[in-house]
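Trainee: Shown below is the structure under consideration.
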Amino acid sequence: MGRNIYVTKSYLPPRGEYDAYLDRIWESRWLTNMGRLHEELRERLKEYLRAESLELFTNGHLALEMALQALELPAGGEIVTTPFSFASTTHAIVRQGFTPVFCDVRPGDGTLDPDLLESLITDRTCAIVPVHVYGNVCDDARISAVAARHGLKLLYDAAHTFGETVDGRSVCTLGDISMLSFHATKVFHTIEGGALVYPGGRYDDILYKLKNFGITGQESVEYVGGNAKMTEFQAAMGLCNLDHTDELTARRGVLDGLYRGLLAGVPGLRLLERDPRVQYNYAYMPVVFDSQADRDGAFALLAERGIHARKYFYPCINAYDCYRGRFDPADTPEAKKLSEQVLTLPLYADLDEETVREICEIIHG
Ligand SMILES: *Cc1c(COP(=O)(O)O)cnc(C)c1O
């Protein structure tokens, strides 16, 4: 058949819309280093996300690393995080010289289990880095209470929550800092890109400098920074895509409803819990099988028909080769089990309903 359906498909705006921004870049000859389009995107995102402060980066991962740097945590401290995420979350912690301590997740929605959090805190703990995995919003009330009680910084990996709200509040405004990813596969993208959101201008100065080598003036360099600046070409893509985000989210919402309707109550399968207080962005369609064998079987059956689901997130981060001998995935049994039984199905705005029905029929078996 030669057909291939992937788990996601990057959105591209109508070509003319991007070209109009390219004309502006050609006129200004300003290609990167916080140009006009960069500033325009920053302002528009602040408004769209109802963020007090927002800094743009060339990708989400470096944004996360620079957030850890901006929080000015004690060198080598312990950071409590989740093993059920994309590699970036833990890698950022380790690359910044901190020690990750893994907290297990709630099987219902895959987010960090607040019941276990406090038992992992030691006198070396300096921060908590939870993940709103698949756009499922963490229990912020309880996590932030623990952070406050122990004087810990709270940095959310909010890579999956673009545009979401909880009880009417923009999800990316939770915690001391939240990181958003604008990678091509995410619901809103700038090809590669990311942002940090935080209250009241608190980290404006340090983040702006960190992403530009720590340079603070023509003759002074104040921080050991890096290069994580968003280019004008990335900002242009973001400005185009932002105009289409609501319409794309609505379309994904329809497909999400169709999937949920067709898969609800199927024996041997469960869907992750939804929180009625959350307005979702329908970024991902994870389903959880009763066993790893069933999950792998469904994955293979779909692949035979050219439908490429993904085992997001498998393996757990604490089972990665690069961390062998340092952590034991058995310490986080729920995360381990979820990673072995979850399958993320294709979901993107122009996926057709026929394909969703076909995928569900294959899964029904
Ligand atoms: C995509 C992603 C990141 C990293 O973002 P990039 O923009 O790709 O660098 C971090 N954490 C999670 C959970 C992600 O899904």
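A short reminder: the numbers here are calculations on the coordinates, not readings from a lab. Predicted, not measured: the structure shown is a model, and the values here were computed from it. Cβ sites come from the backbone with ideal geometry, for glycine too, and all protein chains shown count toward neighbours.
Trainee: Multiply the residue separation of LEU301 and ARG277 by 0.36 nm, subtract the distance between their alpha-carbon atoms, and state the gained length in nm to one decimal.
Mentor: This chain segment gains 5.1 nm when fully extended.
Trainee: What relative contact order, as a whole-number percentage, does the range 1-150 give when Cα pairs under 8 Å and 6 or more residues apart are counted?
Mentor: Once divided by the residue count of the range 1-150, the mean separation gives 17 percent.
Trainee: What is the range 99-188 by shape, rounded, prolate or oblate, if you read a ≥ b ≥ c off the alpha carbon gyration tensor as root eigenvalues and call it rounded for a/c under 1.5, prolate for a/b larger than b/c, and oblate otherwise?
Mentor: Here the range 99-188 falls in the prolate category.
Trainee: Which pairs break 30 Å Cα to Cα here: LYS9/LYS337; LYS209/LYS337; LYS229/LYS336; LYS153/LYS186; LYS211/LYS311; LYS153/LYS336?
Mentor: Listed pairs above 30 Å: LYS209/LYS337; LYS229/LYS336; LYS211/LYS311.
Trainee: Helix-only estimate, please: 222 nm mean residue ellipticity of the chain, summing -39500 (n - 2.57) across DSSP H runs of length 4 or more and dividing by its residues, to the nearest 500.
Mentor: Helix contribution divided over all residues of the chain: -11000 deg cm²/dmol.
Trainee: So, counting K/R as plus one and D/E as minus one, what does the shell of residues with Cβ under 11 Å around LEU180 add up to?
Mentor: Its environment carries a net charge of -2.
Trainee: OK, next. Please give the direction-averaged projected area of the C-alpha convex hull for the chain, in square nanometres with one decimal.
Mentor: If I average the Cα hull's projected area over directions, I get 19.2 nm².
Trainee: Using a simple charge model, +1 on the beta-carbon of Lys and Arg, -1 on the beta-carbon of Asp and Glu, nothing else, what dipole does the chain show about its Cα centre, in debye to the nearest 20?
Mentor: Using Cβ point charges on Lys, Arg, Asp and Glu, the chain gives about 320 debye.
Trainee: Cα-based Rg of the range 1-78 per 2.2 N^0.38 Å, rounded to two decimals?
Mentor: 1.58
Trainee: Seen from all sides and averaged, what is the projected area of the convex hull of the Cα atoms in the range 271-360, in nm²?
Mentor: Averaging across all directions leaves 7.7 nm² for the Cα convex hull.
Trainee: By per-residue mean of other Cβ atoms within 10 Å, what is the highest-first order of 17-29, 175-187, 158-170?
Mentor: Descending packing order for the listed peptides: 175-187, 158-170, 17-29.
Trainee: Taking the highest mean first, how do the peptides 324-336, 236-248 order by number of other beta carbon atoms within 10 angstrom per residue?
Mentor: Result, highest mean first: 236-248, 324-336.
Trainee: Rounded to the nearest 0.05, what FRET efficiency do ARG124 and ARG95 have when you use their Cβ-Cβ distance and R0 = 25 Å?
Mentor: About 0.85, to the nearest 0.05.
Trainee: Determine the relative contact order of the chain: mean sequence separation of Cα pairs under 8 Å and six or more apart, normalised by residue count, in whole percent.
Mentor: Computed value for the chain: 22 percent relative contact order.
Trainee: How much length is gained on full extension from ALA20 to GLU247, taking 0.36 nm per residue of separation minus their Cα-Cα distance?
Mentor: Length gained between ALA20 and GLU247: 79.6 nm.
Trainee: Separate question: So what's the net charge close to THR58: Lys and Arg +1, Asp and Glu -1, counting the other residues with Cβ under 13 Å from its Cβ?
Mentor: Once positives and negatives cancel, what remains is -2.
Trainee: Given the options TYR11, TYR223, TYR282, state which has the largest fluctuation in a GNM of the chain using a 10 Å cut-off (strictly under) for Cα springs.
Mentor: TYR223
Trainee: For a quick size check, give me the Cα extents of the range 31-161 along its three principal axes, largest first, whole Å.
Mentor: The principal-axis extents, from largest down, are 48, 33, 27 Å.
Trainee: Net charge near ALA20: determine it from the other residues with C-beta under 12 Å of the C-beta of ALA20, scoring Lys and Arg +1 and Asp and Glu -1.
Mentor: Neighbourhood net charge equals -3.
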